[in-house]
Amino acid sequence: MRIGEFSKKHDISIDSIRYYIDIGLLVSNKTNGQYKFSESDSKDMLKIMELKNLEFPLAEIKRILAIQRLCGTNTQVCQESYLACLESKKAEIENELKRFETMKHRLEAKIKELAENQQAGGMPLGFPLGSLPDLSCPDCKKELTVENGNIVKNTLIEGSVHCDCGYRATIEEGIYIYEPAVRTKYVNGKRMPTKEEFLASSTYEHVNFLYKGMRALIEEVNRYDKQPKYIVELENCVGFFLMQYIKYLPVNTTYVMIDYDLERIRRIKKDLEKYQDHRKFIFFCCDYTNIPLKENTIDLAVDYLMSEKYRDEEKKLLVQQIHPLIKESGKYIASYFVRKSEHQINSEKQLQQKKKKELFANRFLVERSNSLIGPWKNDEDANTLTYQGIYSGSKAVLPSQNEEENKIKAFKQTSS
(Lines give C-alpha, C1' and ligand atoms only; values in the text may rest on other atoms or scores of the structure.)
Protein backbone atom coordinates (compact mmCIF):
# COMPACT_ATOMS: atom_id res chain seq x y z
CA MET A 1 0.00 0.00 0.00
CA ARG A 2 1.06 3.63 -0.52
CA ILE A 3 1.96 6.06 2.24
CA GLY A 4 -1.44 7.80 2.20
CA GLU A 5 -3.32 4.53 2.63
CA PHE A 6 -0.88 3.39 5.31
CA SER A 7 -1.39 6.72 7.11
CA LYS A 8 -5.16 6.38 7.02
CA LYS A 9 -5.10 2.72 8.14
CA HIS A 10 -3.06 3.47 11.27
CA ASP A 11 -4.44 6.97 11.90
CA ILE A 12 -1.01 8.57 11.90
CA SER A 13 0.29 11.56 9.96
CA ILE A 14 2.39 11.17 6.85
CA ASP A 15 5.09 13.39 8.43
CA SER A 16 5.34 10.96 11.38
CA ILE A 17 5.65 7.99 9.04
CA ARG A 18 8.47 9.69 7.13
CA TYR A 19 10.20 10.50 10.42
CA TYR A 20 9.93 6.87 11.58
CA ILE A 21 11.48 5.78 8.30
CA ASP A 22 14.31 8.34 8.66
CA ILE A 23 15.26 7.10 12.16
CA GLY A 24 14.91 3.40 11.28
CA LEU A 25 11.72 2.46 13.14
CA LEU A 26 10.09 1.56 9.81
CA VAL A 27 12.11 -0.04 6.99
CA SER A 28 9.75 0.30 4.01
CA ASN A 29 11.03 -0.12 0.48
CA LYS A 30 10.89 2.56 -2.19
CA THR A 31 9.63 1.79 -5.70
CA ASN A 32 9.81 4.42 -8.45
CA GLY A 33 10.41 7.09 -5.84
CA GLN A 34 7.44 6.10 -3.69
CA TYR A 35 7.28 4.12 -0.46
CA LYS A 36 5.43 0.81 -0.54
CA PHE A 37 4.16 -0.66 2.74
CA SER A 38 3.52 -4.33 3.43
CA GLU A 39 1.70 -6.25 6.16
CA SER A 40 5.07 -6.62 7.85
CA ASP A 41 5.29 -2.82 8.01
CA SER A 42 1.78 -2.72 9.50
CA LYS A 43 2.83 -5.16 12.22
CA ASP A 44 5.85 -2.99 12.96
CA MET A 45 3.60 0.05 13.10
CA LEU A 46 1.23 -1.66 15.54
CA LYS A 47 4.20 -2.62 17.71
CA ILE A 48 5.49 0.94 17.65
CA MET A 49 2.09 2.27 18.70
CA GLU A 50 1.79 -0.33 21.46
CA LEU A 51 5.18 0.58 22.90
CA LYS A 52 4.49 4.31 22.60
CA ASN A 53 1.29 3.79 24.60
CA LEU A 54 3.48 2.20 27.30
CA GLU A 55 5.58 5.40 27.34
CA PHE A 56 8.68 3.79 25.80
CA PRO A 57 10.99 6.39 24.23
CA LEU A 58 11.64 6.05 20.49
CA ALA A 59 15.27 5.04 21.08
CA GLU A 60 14.11 2.09 23.25
CA ILE A 61 11.45 1.11 20.70
CA LYS A 62 14.12 1.12 18.03
CA ARG A 63 16.27 -1.24 20.11
CA ILE A 64 13.34 -3.67 20.72
CA LEU A 65 12.48 -3.75 17.01
CA ALA A 66 16.13 -4.32 16.10
CA ILE A 67 16.25 -7.43 18.34
CA GLN A 68 13.02 -8.74 16.77
CA ARG A 69 14.36 -8.19 13.26
CA LEU A 70 17.68 -9.85 14.09
CA CYS A 71 16.52 -12.81 16.20
CA GLY A 72 12.86 -13.25 15.26
CA THR A 73 9.89 -12.48 17.51
CA ASN A 74 9.27 -15.96 18.92
CA THR A 75 12.75 -16.74 20.13
CA GLN A 76 14.17 -17.00 23.62
CA VAL A 77 16.60 -14.11 23.06
CA CYS A 78 13.84 -11.83 21.82
CA GLN A 79 11.32 -12.86 24.48
CA GLU A 80 13.77 -12.50 27.37
CA SER A 81 15.00 -9.17 26.08
CA TYR A 82 11.46 -7.88 25.63
CA LEU A 83 10.45 -9.15 29.09
CA ALA A 84 13.42 -7.35 30.65
CA CYS A 85 12.38 -4.12 28.92
CA LEU A 86 8.81 -4.45 30.22
CA GLU A 87 9.95 -5.19 33.78
CA SER A 88 12.32 -2.24 33.69
CA LYS A 89 9.51 0.02 32.48
CA LYS A 90 7.22 -1.34 35.22
CA ALA A 91 9.85 -0.58 37.90
CA GLU A 92 10.29 2.89 36.44
CA ILE A 93 6.53 3.52 36.61
CA GLU A 94 6.36 2.24 40.20
CA ASN A 95 9.10 4.67 41.17
CA GLU A 96 7.22 7.43 39.39
CA LEU A 97 4.03 6.50 41.24
CA LYS A 98 5.87 6.74 44.56
CA ARG A 99 7.26 10.11 43.53
CA PHE A 100 3.83 11.34 42.47
CA GLU A 101 2.29 10.04 45.69
CA THR A 102 4.85 12.05 47.70
CA MET A 103 4.18 15.07 45.52
CA LYS A 104 0.43 14.60 46.01
CA HIS A 105 0.80 14.66 49.81
CA ARG A 106 2.91 17.83 49.60
CA LEU A 107 0.32 19.47 47.37
CA GLU A 108 -2.50 18.47 49.70
CA ALA A 109 -0.63 19.97 52.66
CA LYS A 110 0.01 23.22 50.77
CA ILE A 111 -3.62 23.39 49.57
CA LYS A 112 -4.83 22.88 53.15
CA GLU A 113 -2.48 25.61 54.41
CA LEU A 114 -3.62 28.11 51.76
CA ALA A 115 -7.30 27.21 52.27
CA GLU A 116 -6.96 27.83 56.01
CA ASN A 117 -5.27 31.17 55.29
CA GLN A 118 -8.12 32.10 52.98
CA GLN A 119 -10.71 31.28 55.62
CA ALA A 120 -8.88 33.15 58.37
CA GLY A 121 -10.20 36.68 58.67
CA GLY A 122 -7.02 38.18 60.12
CA MET A 123 -6.78 40.97 62.67
CA PRO A 124 -8.46 44.17 61.40
CA LEU A 125 -6.10 47.06 60.70
CA GLY A 126 -7.13 50.46 62.01
CA PHE A 127 -5.71 53.96 62.19
CA PRO A 128 -2.89 53.88 64.81
CA LEU A 129 -3.83 55.88 67.90
CA GLY A 130 -0.22 56.99 68.23
CA SER A 131 -0.46 58.76 64.86
CA LEU A 132 -3.52 60.89 65.72
CA PRO A 133 -1.32 63.78 67.04
CA ASP A 134 0.42 63.87 63.63
CA LEU A 135 -2.82 64.66 61.81
CA SER A 136 -3.29 68.18 60.52
CA CYS A 137 -6.02 69.90 58.53
CA PRO A 138 -4.85 70.04 54.89
CA ASP A 139 -6.80 73.30 54.40
CA CYS A 140 -5.78 75.48 57.36
CA LYS A 141 -2.96 73.38 58.94
CA LYS A 142 -4.65 73.37 62.37
CA GLU A 143 -5.03 70.27 64.52
CA LEU A 144 -7.91 67.96 63.69
CA THR A 145 -10.54 66.74 66.14
CA VAL A 146 -11.46 63.05 66.14
CA GLU A 147 -14.77 62.01 67.72
CA ASN A 148 -17.10 58.99 68.05
CA GLY A 149 -14.20 56.58 67.85
CA ASN A 150 -14.39 52.79 67.89
CA ILE A 151 -11.05 51.52 69.18
CA VAL A 152 -9.68 47.98 68.68
CA LYS A 153 -6.14 46.98 69.71
CA ASN A 154 -4.89 50.60 69.98
CA THR A 155 -6.22 51.44 66.53
CA LEU A 156 -9.19 53.50 65.44
CA ILE A 157 -11.65 51.47 63.35
CA GLU A 158 -14.43 54.04 63.07
CA GLY A 159 -14.53 57.75 63.80
CA SER A 160 -15.38 61.21 62.57
CA VAL A 161 -12.79 63.90 61.85
CA HIS A 162 -13.37 67.63 61.60
CA CYS A 163 -11.69 71.02 61.82
CA ASP A 164 -13.01 74.41 62.89
CA CYS A 165 -12.47 75.66 59.34
CA GLY A 166 -15.13 73.28 58.02
CA TYR A 167 -12.95 70.39 56.86
CA ARG A 168 -14.64 66.99 57.36
CA ALA A 169 -13.47 63.39 57.00
CA THR A 170 -14.33 59.97 58.40
CA ILE A 171 -12.52 56.84 59.48
CA GLU A 172 -14.34 53.76 58.21
CA GLU A 173 -13.08 50.22 58.69
CA GLY A 174 -9.71 51.74 59.64
CA ILE A 175 -9.45 53.83 56.45
CA TYR A 176 -9.21 57.63 56.65
CA ILE A 177 -11.65 58.87 53.97
CA TYR A 178 -11.95 62.38 52.60
CA GLU A 179 -15.23 61.95 50.74
CA PRO A 180 -14.87 64.78 48.15
CA ALA A 181 -11.75 63.05 46.77
CA VAL A 182 -13.19 59.52 46.44
CA ARG A 183 -13.54 58.28 42.87
CA THR A 184 -12.74 55.32 40.65
CA LYS A 185 -9.30 55.25 39.06
CA TYR A 186 -9.18 55.18 35.26
CA VAL A 187 -6.38 54.62 32.75
CA ASN A 188 -6.90 55.82 29.19
CA GLY A 189 -10.63 56.16 29.79
CA LYS A 190 -11.05 52.66 31.25
CA ARG A 191 -11.20 51.45 34.82
CA MET A 192 -7.67 50.77 36.02
CA PRO A 193 -7.02 47.01 35.81
CA THR A 194 -6.55 44.95 38.94
CA LYS A 195 -3.17 43.33 39.59
CA GLU A 196 -4.59 40.05 38.27
CA GLU A 197 -5.80 41.73 35.07
CA PHE A 198 -2.49 43.54 34.63
CA LEU A 199 -0.55 40.30 35.04
CA ALA A 200 -2.77 38.50 32.53
CA SER A 201 -2.09 41.19 29.91
CA SER A 202 1.67 41.50 30.58
CA THR A 203 4.59 39.51 29.21
CA TYR A 204 7.06 37.82 31.53
CA GLU A 205 9.74 40.14 30.12
CA HIS A 206 7.74 43.20 31.15
CA VAL A 207 7.06 41.81 34.66
CA ASN A 208 10.76 41.00 35.14
CA PHE A 209 11.73 44.47 33.91
CA LEU A 210 9.44 46.08 36.49
CA TYR A 211 10.70 43.73 39.20
CA LYS A 212 14.34 44.67 38.51
CA GLY A 213 13.48 48.33 38.97
CA MET A 214 11.55 47.61 42.14
CA ARG A 215 14.44 45.57 43.52
CA ALA A 216 16.83 48.47 42.86
CA LEU A 217 14.40 50.85 44.59
CA ILE A 218 14.21 48.55 47.63
CA GLU A 219 18.01 48.45 47.82
CA GLU A 220 18.07 52.25 47.86
CA VAL A 221 15.40 52.44 50.57
CA ASN A 222 17.37 49.97 52.68
CA ARG A 223 20.37 52.31 52.57
CA TYR A 224 18.52 54.67 54.90
CA ASP A 225 20.43 54.20 58.15
CA LYS A 226 17.92 55.65 60.60
CA GLN A 227 14.79 54.10 62.13
CA PRO A 228 11.97 55.70 60.12
CA LYS A 229 8.79 56.50 62.00
CA TYR A 230 6.86 57.03 58.78
CA ILE A 231 7.38 55.81 55.22
CA VAL A 232 4.93 57.13 52.65
CA GLU A 233 4.34 55.27 49.38
CA LEU A 234 3.62 57.32 46.26
CA GLU A 235 2.42 55.22 43.36
CA ASN A 236 -0.45 54.70 40.97
CA CYS A 237 -1.12 51.08 41.96
CA VAL A 238 -1.43 51.37 45.74
CA GLY A 239 0.53 48.73 47.65
CA PHE A 240 2.35 47.37 44.58
CA PHE A 241 5.77 48.37 45.92
CA LEU A 242 4.83 47.47 49.50
CA MET A 243 4.14 43.81 48.74
CA GLN A 244 7.78 43.40 47.66
CA TYR A 245 9.26 45.65 50.33
CA ILE A 246 7.23 44.45 53.32
CA LYS A 247 9.72 41.76 54.35
CA TYR A 248 12.21 44.59 55.03
CA LEU A 249 9.74 46.97 56.68
CA PRO A 250 10.92 47.80 60.23
CA VAL A 251 8.45 46.56 62.82
CA ASN A 252 8.01 49.97 64.48
CA THR A 253 7.62 51.90 61.21
CA THR A 254 4.19 53.13 60.16
CA TYR A 255 3.68 52.69 56.43
CA VAL A 256 1.41 55.28 54.78
CA MET A 257 -0.57 54.56 51.62
CA ILE A 258 -2.53 57.15 49.65
CA ASP A 259 -5.11 56.61 46.91
CA TYR A 260 -8.39 58.25 45.96
CA ASP A 261 -9.85 54.92 44.77
CA LEU A 262 -11.46 53.49 47.91
CA GLU A 263 -11.96 50.00 46.49
CA ARG A 264 -8.28 49.65 45.68
CA ILE A 265 -7.36 50.67 49.22
CA ARG A 266 -9.84 48.19 50.65
CA ARG A 267 -8.32 45.43 48.53
CA ILE A 268 -4.73 46.01 49.67
CA LYS A 269 -5.89 46.43 53.28
CA LYS A 270 -7.68 43.08 53.16
CA ASP A 271 -4.53 41.39 51.81
CA LEU A 272 -2.44 42.91 54.59
CA GLU A 273 -4.90 41.83 57.27
CA LYS A 274 -4.99 38.22 56.05
CA TYR A 275 -1.43 37.55 55.00
CA GLN A 276 0.95 39.93 56.79
CA ASP A 277 2.10 40.29 60.39
CA HIS A 278 3.00 43.99 60.25
CA ARG A 279 0.29 46.01 62.02
CA LYS A 280 1.26 49.67 61.63
CA PHE A 281 -0.36 51.16 58.54
CA ILE A 282 -2.21 54.34 57.62
CA PHE A 283 -4.64 54.22 54.72
CA PHE A 284 -5.55 57.65 53.34
CA CYS A 285 -8.31 57.80 50.74
CA CYS A 286 -7.65 61.29 49.41
CA ASP A 287 -5.64 63.22 46.82
CA TYR A 288 -2.00 64.20 47.17
CA THR A 289 -3.17 67.82 47.50
CA ASN A 290 -5.05 67.12 50.74
CA ILE A 291 -2.93 64.68 52.75
CA PRO A 292 -3.94 65.34 56.40
CA LEU A 293 -0.46 65.14 57.96
CA LYS A 294 1.56 67.77 59.74
CA GLU A 295 4.58 69.26 58.02
CA ASN A 296 7.96 67.64 58.75
CA THR A 297 6.41 64.28 59.62
CA ILE A 298 7.59 61.82 56.96
CA ASP A 299 11.02 60.20 57.16
CA LEU A 300 11.00 58.49 53.75
CA ALA A 301 8.92 59.14 50.66
CA VAL A 302 9.09 56.29 48.15
CA ASP A 303 7.97 57.40 44.70
CA TYR A 304 7.43 54.33 42.54
CA LEU A 305 7.03 55.66 38.98
CA MET A 306 4.43 58.19 40.17
CA SER A 307 5.93 61.64 39.54
CA GLU A 308 5.73 61.53 35.77
CA LYS A 309 2.18 60.16 35.78
CA TYR A 310 1.07 62.76 38.30
CA ARG A 311 2.61 65.55 36.25
CA ASP A 312 0.89 64.34 33.07
CA GLU A 313 -2.54 63.89 34.70
CA GLU A 314 -2.66 66.73 37.23
CA LYS A 315 -0.29 69.21 35.54
CA LYS A 316 1.50 69.57 38.87
CA LEU A 317 4.77 68.39 40.38
CA LEU A 318 4.36 65.67 42.99
CA VAL A 319 7.43 66.84 44.94
CA GLN A 320 5.74 70.21 45.50
CA GLN A 321 2.91 68.44 47.32
CA ILE A 322 5.17 66.12 49.33
CA HIS A 323 8.11 68.42 50.15
CA PRO A 324 6.49 70.16 53.18
CA LEU A 325 5.61 66.80 54.78
CA ILE A 326 9.19 65.47 54.72
CA LYS A 327 11.38 65.91 57.79
CA GLU A 328 14.51 68.02 57.48
CA SER A 329 16.51 64.79 57.77
CA GLY A 330 14.15 62.89 55.47
CA LYS A 331 14.70 61.37 52.07
CA TYR A 332 12.79 61.27 48.80
CA ILE A 333 13.60 58.15 46.79
CA ALA A 334 12.13 57.93 43.31
CA SER A 335 12.11 55.58 40.35
CA TYR A 336 11.28 56.78 36.88
CA PHE A 337 10.88 55.61 33.30
CA VAL A 338 13.07 56.78 30.44
CA ARG A 339 11.88 56.19 26.89
CA LYS A 340 14.74 56.80 24.50
CA SER A 341 12.70 57.67 21.44
CA GLU A 342 11.03 60.49 23.41
CA HIS A 343 14.21 62.25 24.50
CA GLN A 344 16.74 61.45 21.79
CA ILE A 345 19.59 61.85 24.28
CA ASN A 346 22.54 59.53 23.79
CA SER A 347 24.34 60.32 27.03
CA GLU A 348 23.03 58.54 30.12
CA LYS A 349 24.35 61.42 32.24
CA GLN A 350 22.40 63.97 30.20
CA LEU A 351 19.31 61.78 30.46
CA GLN A 352 19.59 61.56 34.23
CA GLN A 353 20.11 65.32 34.56
CA LYS A 354 16.95 65.93 32.57
CA LYS A 355 14.96 63.54 34.76
CA LYS A 356 16.43 65.06 37.94
CA LYS A 357 15.01 68.45 37.00
CA GLU A 358 11.64 66.95 36.12
CA LEU A 359 11.38 64.87 39.31
CA PHE A 360 12.93 66.96 42.05
CA ALA A 361 12.39 70.54 40.84
CA ASN A 362 15.08 71.73 43.27
CA ARG A 363 13.00 70.54 46.24
CA PHE A 364 15.44 67.75 46.98
CA LEU A 365 19.22 67.52 46.63
CA VAL A 366 20.19 64.43 44.66
CA GLU A 367 22.70 62.33 46.58
CA ARG A 368 22.64 59.09 44.62
CA SER A 369 21.52 57.84 41.23
CA ASN A 370 21.89 54.38 39.77
CA SER A 371 22.74 53.22 36.28
CA LEU A 372 19.71 52.85 34.04
CA ILE A 373 17.95 49.47 34.19
CA GLY A 374 16.84 47.87 30.95
CA PRO A 375 16.00 48.20 28.23
CA TRP A 376 12.55 46.72 27.77
CA LYS A 377 11.05 46.77 24.30
CA ASN A 378 7.29 47.11 24.02
CA ASP A 379 5.98 44.86 21.25
CA GLU A 380 3.41 47.53 20.37
CA ASP A 381 6.15 50.12 19.80
CA ALA A 382 9.30 48.36 18.62
CA ASN A 383 11.16 51.66 18.11
CA THR A 384 10.94 52.68 21.77
CA LEU A 385 13.35 51.37 24.38
CA THR A 386 12.23 51.86 27.98
CA TYR A 387 14.67 52.10 30.90
CA GLN A 388 14.26 52.64 34.64
CA GLY A 389 16.35 54.84 36.89
CA ILE A 390 16.54 55.54 40.62
CA TYR A 391 17.22 58.83 42.42
CA SER A 392 17.70 59.39 46.14
CA GLY A 393 17.65 62.91 47.51
CA SER A 394 17.64 64.79 50.82
CA LYS A 395 15.26 67.63 51.54
CA ALA A 396 16.36 71.01 50.30
CA VAL A 397 15.60 74.00 52.53
CA LEU A 398 13.63 76.43 50.38
CA PRO A 399 13.98 80.17 51.01
CA SER A 400 10.98 81.72 52.75
CA GLN A 401 8.96 84.46 51.12
CA ASN A 402 10.58 87.06 53.42
CA GLU A 403 14.04 85.81 52.50
CA GLU A 404 13.19 86.13 48.83
CA GLU A 405 11.87 89.66 49.34
CA ASN A 406 15.01 90.65 51.29
CA LYS A 407 17.23 89.32 48.50
CA ILE A 408 15.30 91.36 45.94
CA LYS A 409 15.57 94.51 48.09
CA ALA A 410 19.29 93.99 48.60
CA PHE A 411 19.78 93.50 44.87
CA LYS A 412 17.88 96.70 44.09
CA GLN A 413 19.90 98.67 46.63
CA THR A 414 23.24 97.51 45.22
CA SER A 415 22.03 98.22 41.70
CA SER A 416 20.92 101.81 42.46
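The values are calculated or read from the model by the stated rules, or taken from the named source; none is laboratory data. What you see is a predicted model, and the numbers here were worked out from it, not measured in a lab. A quick note on method: Cβ atoms are made from the backbone with ideal geometry, for glycine too, and the neighbour counts reach across all protein chains shown.
One table, with the values for the structure above:
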{"quantity": "Of all residues making up the range 24-42, the number that are under 21 Å from G72 (Cα atoms) and part of a loop (DSSP other than H, G, I, E, B)", "calculated": "7"}
{"quantity": "Residue count for the range 96-123, restricted to those that are under 21 Å from A59 (Cβ atoms) and either touching a residue at least 40 places away in the same chain (Cβ under 8 Å) or assigned by TED's automatic domain parsing to the domain that holds E273 (or both)", "calculated": "0"}
{"quantity": "Subset of the range 1-23 (residues that are assigned to a helix (DSSP H, G or I) and either within 22 Å of E60 (Cα to Cα) or touching a Ser or Thr at 6+ places or on another chain (Cβ under 6 Å) (or both))", "calculated": "H10, I14, D15, S16, I17, R18, Y19, Y20, I21, D22"}
{"quantity": "Residues located in the range 302-322, provided they are of a type outside the set (D, E, K, R) and either in contact with a His (Cβ under 9 Å, 6 or more places away or on another chain) or over 12 Å from V232 (Cβ atoms) (or both)", "calculated": "L305, S307, Y310, L317, V319, Q320"}
{"quantity": "Search result, residues across the range 324-334 that are part of a helix (DSSP H, G or I) and closer than 28 Å to L272 by Cα", "calculated": "L325"}
{"quantity": "Of residues in the range 110-137 being aliphatic (A, V, I, L, M) and part of a loop (DSSP other than H, G, I, E, B), the one surrounded by the fewest Cβ atoms within 10 Å (Cβ to Cβ)", "calculated": "A120"}
{"quantity": "Restricting the range 261-315 to residues that are free of Cβ contacts under 8 Å to residues at least 60 places away in the same chain, over 21 Å from the mean Cα position of the chain (by Cα) and not in a helix (DSSP H, G or I), the residue that is surrounded by the most Cβ atoms within 10 Å (Cβ to Cβ)", "calculated": "N296"}
{"quantity": "Single condition G72 does not satisfy, out of (1) under 30 Å from I12 (Cβ atoms); (2) in contact with a Cys (Cβ under 7 Å, 6 or more places away or on another chain); (3) surrounded by 14 or more Cβ atoms within 10 Å (Cβ to Cβ)", "calculated": "(3)"}
{"quantity": "A84 at pLDDT below 95 and under 14 Å from L26 (Cα atoms)", "calculated": "no"}
{"quantity": "Only one of L359, L351 that is assigned to a helix (DSSP H, G or I), modelled with pLDDT under 60, surrounded by 19 or more Cβ atoms within 10 Å (Cβ to Cβ) and in contact with a helix residue (DSSP H, G or I) (Cβ under 8 Å, 6 or more places away or on another chain)", "calculated": "L359"}
{"quantity": "Pairs where the first residue, in the range 37-65, is closer than 13 Å to V27 by Cβ and the second is among the aliphatic types (A, V, I, L, M) and assigned to a helix (DSSP H, G or I), C-beta under 6 Å, 6+ apart", "calculated": "I48/I61"}
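Here's the yes/no breakdown for (1) in the same structural domain as P375 (by TED's automatic domain parsing); (2) modelled with pLDDT of 90 or more; (3) part of a strand (DSSP E or B); (4) not basic (K, R):
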site: I157; (1), (2), (3), (4): no, yes, yes, yes
site: V161; (1), (2), (3), (4): no, yes, yes, yes
site: G166; (1), (2), (3), (4): no, yes, no, yes
site: F198; (1), (2), (3), (4): yes, no, no, yes
site: Y211; (1), (2), (3), (4): yes, yes, no, yes
site: M214; (1), (2), (3), (4): yes, yes, no, yes
site: D225; (1), (2), (3), (4): yes, no, no, yes
